[in-house]
Every structure is written in C-alpha cells, then in structure tokens.
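Take a look at the structure set out below.
The numbers here are math on the coordinates, done by the rules we state, and not lab data. Keep in mind that what you see is a predicted model, and the values were worked out from it rather than measured. Note: ideal-geometry Cβ built from the backbone for every residue, glycine included; neighbour counts use all protein chains shown.
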Amino acid sequence: MEITIVDAPEHERVVEFKDNAVGLLGYIAIHSTQRGPAAGGVRMRPYGHPVEALNDALRLARGMTFKNAAADLPLGGGKAVIIGDPKVDKSPELLQAFGQVVQSLSGQYWTAEDMGMTPADMAHIGSATGFVAGLAEGAFASGDPSPITARGIFNAIRVTAMHRFGQASLNGLTVSVQGLGHVGEHLCRLLHDAGAQLIVTDIDTLQSARMAELFSAQVVAPDAIYSVKADIFAPCAIGGILNETSIPTLQVGAVAGGANNQLARSCDAQALHQRGILYAPDFVANGGGIVNVATEILRVAEREAWVDGRLQALEQTMDRILMRAKVEAVSPHEVAETIVHEMLRLQAA
Ligand code: NAD
C-alpha cells in the first residue's frame, strides 16, 4: 500500500492511496477538522482520469464542511473517492485495504456510505478501522439514513411554504417530486399524510406507478417534471438539475428537495432568485442524512430525542436563512454559505 500526501492548499490534508495487489486507487480529502473529525462518505465510480476523482473528492469534502456546520454538528468535512466500477472492481479485499487507509488517519476522517457503496461494504471497511459509520448492525449502528433525511426535507418544505406562501400547512399545496428512491418515497408519504397533492416522476416507471397507487400521485415523464405547474418542486434524484435549461421552464413558487448539488453552477441560485422562485439550499434541506450518521460517530445514547433536536435546529437554520435572504434581497444559497462562513469564523476566533 502506498499513501502519499497531495498538495491542496484549501484543504487540511489530502492523501492519494494505491494498492495494486487489490486494485485500489483513490483519494481522501479532509477539508476541515475545525468543528471536529471530518465526516463524509466514500464514493466509488469509474472516473475517467485520476484528476477528475481528486477534484470530486476536494469539492465534496468542502461541501461536507458546509453541510455538517449547517446542521450544527461537531464534525468537520471530508470525503473519499475510489476509482473503479463498483459492480466489477469492488471486492472485500479492496474495501479492507481502504479501511486501512482510513485507519492510518487516526480518526481525523470518518467514512460512511455514498454512491456505489452499501451497508455490507461498510462492514468490510469496518474490519480494518473503527472510523466507519453507516453500519447495519452493532451498538450504535445508524443504518439507512433516508427516513431521517426525508423528515428533514419535509421540514424544509414546510418552512419554505411558510416564507413563500404564508402557510406552514401543506394541505392543498401541490408538490412535484423528482426521484422516488429511498428518500423520495419516504418524502412522498410525509407529504401525502400532510394533505399535499403530488406530481411525481422517476426513470423507474414501476416505482412511479407504485407511488401513484399509494399516494394518489399524478405521474409525468422524467423530462416533463421541470415544466409542471406546482407550488413546490422537490428534487430528490440527481445533481445539476437546476441549470440554464431547466430554470426558465419552472412553473413553481419554490424549490426544496433532498438531492445533493442541485444547482449546476452557483450563479443558478441567482437565476432562481431573479425569477422569484424561493430556493431552499440543498445542503441544509438534506442535512438529516448526516444527522443520522452522526449518531453513530458521536455514540449518541438517546438517539431519538437527539435526532429530533438536531432536525429542529436544521429547521430553524433554514428559517433564519430564508428570513435573512428576504431582508437582504439576495438568494438563500448565498445566505447559507455566508452563515456557515460566519459559524466557522466565530469558532476560530
Ligand atoms: P436512490 O438511488 O435510492 O433514489 C434515486 C431515485 O432517482 C431512483 O429511484 C432513480 O431511479 C431516480 N432517478 C435517477 N435519475 C433520474 C432522473 N433523471 N429523473 C427522475 N428520476 C431519476 O437515492 P436516494 O438515497 O433516494 O437519494 C436521492 C438524492 O438525495 C441523491 O441526490 C442523494 O445524494 C441525496 N441524499 C440522500 C440522502 C439519503 O439519506 N439517502 C442523504 C442526503 C442526500
């Protein structure tokens, strides 16, 4: 195993790891440990070039600093990427070797599940390190985060509805949901129970049909979701969907959903703002996922009460962001980034 330091001035520590015997190659980027150990998942993808993988790790690690701070967790930001096709290249040996790299950082970085990974993979990684969360079993195992993520998004939708339409009740409002996977399905249930009308889409047509039957949802084709008339659009599938093509076609008053990195570029927040579409910053709306993971990292004993408290804090943070955005007449995305910078500066002072 070779572990080498990568020069990355905006990050605290970045390492490249390589173990030819098991086909392991990737990066761990630690952006900040100012608030606590860096926490963020490990992603496995067939990146075209190592530089692409490194850039992804750097960007995602920074994003985790913001997400963890916004959720007021005593955790910093980090992320790991492994280059390879998870369906072909992943093996218990490769995962164990990755666990050794995590262990070599002595707790500066905690890993967890991300794209291309499963809870079973976390158990393999856990055979080589204790700095892993998202396990399916064990004393503080946090398991599937999606129900908690969906609760956080639901709260964000309520706060957004309050600011945009003057009503926190979702009864009678129409919400369009893109992506009906782990998060989307839980969210649809919460929205339906709260009396919202649903317009849904997924590239998996069977799942769309299930949602239609369970929650009386109207199903539209994947490309049609951007232009349907609704009160709130909740993206819960992929990133980059708020862009120069989709934003002009939106017929909603607000966007509040759980997908990571919804804005293709940060100037797209401005484009939404100019159209009068209130955007609930994604890294605040979907913070429930990391709250769930944090129960495992922080060994939280009173799990339920602690999660409730953290979700409430996230809701208040969203409220503060939307309020300040209104007062300052800027986009909530800009305010969210400023608030996190302020939190980090205050802590450093
Ligand atoms: P998932 O893979 O279970 O579900 C994603 C769904 O989106 C799938 O049903 C898929 O078919 C669908 N989809 C993919 N491309 C689509 C498209 N172009 N149009 C319509 N549907 C499409 O993933 P998930 O765990 O539900 O996560 C959803 C999003 O939320 C992701 O962006 C993820 O990064 C983010 N997120 C998830 C969690 C969590 O707890 N799972 C936490 C934070 C953020």
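For the chain, what is the mean residue ellipticity at 222 nm derived from helices alone (per DSSP H run of n ≥ 4: -39500 (n - 2.57); sum divided by total residues; nearest 500 deg cm²/dmol)?
It comes out at -14000 deg cm²/dmol, rounded to the nearest 500.
For the stretch 301-349, which GluC sites (Glu not before Pro) are both in a DSSP coil and crowded by at most 13 other Cβ atoms within 10 Å?
Working: sites: 302, 304, 315, 328, 334, 337, 342; in loops: 302.
Sparse-neighbourhood loop GluC sites (Glu not before Pro): 302.
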Quiz item: Which one of 146, 104, 331 has the biggest mean-square fluctuation once the chain is modelled by GNM with Cα springs under 10 Å?
Solution: 104
Quiz item: Expressed in nm², what is the orientationally averaged projection area of the convex hull enclosing the Cα positions of the stretch 1-122?
Solution: 6.8
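Pairs of Cα atoms under 8 Å, at least six residues apart: use those to get the relative contact order of the stretch 226-349, whole percent.
Values: 157 pairs, mean separation 26.1, N = 124.
Result for the stretch 226-349 is 21 percent.
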Quiz prompt | Label-point separation in nm, residue 218 to residue 1, each point 7 Å along Cα→Cβ | solution = 5.5
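State, as an integer percentage, the relative contact order of the chain based on alpha-carbon contacts under 8 Å between residues 6 or more apart. Before the final figure, lay out the partial values.
On the way: 762 pairs, mean separation 51.8, N = 349.
Averaging sequence separation for qualifying contacts and normalising by length gives 15 percent for the chain.
With the cut-off at 23 Å, tell me which of the pairs 18/67; 67/90; 18/90 have Cα atoms farther apart than that. Write out the running numbers ahead of the final one.
On the way: 18/67 29 Å; 67/90 28 Å; 18/90 14 Å.
Table pairs above 23 Å Cα-Cα are 18/67; 67/90.
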Practice problem: Select from 80, 124, 100 the residue farthest towards the positive end of the dipole of the stretch 76-174; place +1 on Cβ of Lys and Arg, -1 on Cβ of Asp and Glu, and compute about the Cα centre. | Solution: 80
Self-check item: Overall form of the stretch 183-333 per C-alpha gyration tensor (a/c, 1.5; a/b vs b/c)
Solution: oblate
Exercise. Please work out, to two decimal places, the log10 of the ratio I(q)/I(0) at q = 0.09, 0.10, 0.15 Å⁻¹ from a Debye calculation in which every Cα of the chain carries one identical scatterer.
Key: -0.48, -0.59, -1.29
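Hey, got a sec? Which GluC sites (Glu not before Pro) in the stretch 1-101 land in a DSSP loop and have at most 11 other Cβ atoms within 10 Å? Mind showing how you got there, number by number?
Values: sites: 2, 10, 12, 16, 52, 93; in loops: 10, 12.
Passing sites in the stretch 1-101 are 10.
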Quiz item: Karplus couplings for the stretch 206-218 from phi (6.51 cos²θ - 1.76 cosθ + 1.60, θ = phi - 60°), rounded to Hz, Gly and Pro as x?
Solution: 5, 5, 4, 5, 4, 5, 4, 6, 5, 10, 6, 7, 8
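Net charge near residue 303: determine it from the other residues with C-beta under 12 Å of the C-beta of residue 303, scoring Lys and Arg +1 and Asp and Glu -1. Intermediate results must be reported in sequence, preceding the final value.
Values: positive: 299, 310; negative: 296, 302, 304, 308.
Spelling it out: positives minus negatives among the neighbours equals -2.
With a Förster radius of 51 Å, plug the Cβ-Cβ distance of residue 302 and residue 227 into 1/(1 + (r/R0)^6) and report the FRET value to the nearest 0.05. Display every interim value, and only then the final one.
On the way: r = 46 Å, r/R0 = 0.90.
Using R0 = 51 Å, I get an efficiency of 0.65.
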Self-check item: Placed amide H near residue 76: partners under 5 Å, 5+ positions off or other chain
Solution: 35, 36, 38, 39
Quiz prompt | Whole-Å distance, taken between Cα centres, linking the stretch 1-75 and the stretch 222-280 | solution = 28
Quiz prompt | For the stretch 197-267: rounded, prolate or oblate by the Cα gyration tensor [a/c cutoff 1.5] | solution = prolate
Quiz prompt | the stretch 260-349 shape via C-alpha gyration tensor axes, a/c threshold 1.5 | solution = prolate
Quiz item: In debye, nearest 20: dipole of the chain around its Cα centre with unit charges on the Cβ of K, R (+) and D, E (-)?
Solution: 680
